[in-house]
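The values are calculated or read from the model by the stated rules, or taken from the named source; none is laboratory data. These numbers were taken from a predicted model, which means no experiment stands behind them. Cβ sites come from the backbone with ideal geometry, for glycine too, and all protein chains shown count toward neighbours. Quick note on the areas: whole protein, heavy atoms, side chains included, nothing else; ligands and nucleic acids left out. Shrake-Rupley method; radii C 1.70, N 1.55, O 1.52, S 1.80 Å.
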Amino acid sequence: MISVAFVGAAAIASINQKYLRHRGPTDVISFGFAGGGNRSAVIGDIYICPEVARANARSQGVTVTEELLRLVVHGTLHVLGYDHPARVDRMKSPMWRRQERILARVV
């Protein structure tokens, strides 16, 4: 089970500061945690900020819908345990390539 919440810039900035010690709003934050009686169940929360997603979509020349879908896939992969390097190198990572393959099937 994974929950997806769409939150405003102030809310995601607060989550970003409290849990990741980063300042300001970001596009997506996810938390994966074990729980429940089923050992194979993955449980996690994904927080997406549509305001930041909209700005990212504009700068990348994609639709807002595509960017929101990308963030859901991205957050889900993090909940499942995938990770990527910070900043520019993240777009070359195996996680990013997997994300884009999944997104290509959806869009």
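Structure values in brief
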read-out	value
Inter-residue pairs, beta-carbon under 8 Å, first under 16 Å from residue 30 (Cα atoms) and open to solvent by less than 100 Å² (accessible area, probe 1.4 Å) and in segment 84-99, second acidic (Asp, Glu) and in a loop (DSSP other than H, G, I, E, B), 6+ apart	95/83
Residues of segment 6-18 satisfying the condition of being touching a strand residue (DSSP E or B) at 6+ places or on another chain (Cβ under 7 Å) and loosely packed, with under 13 Cβ neighbours inside 10 Å	none
Matching residues, segment 49-83, being open to solvent by less than 30 Å² (accessible area, probe 1.4 Å) and not β-branched (Val, Ile, Thr)	49, 53, 57, 67, 70, 71, 74, 75, 77
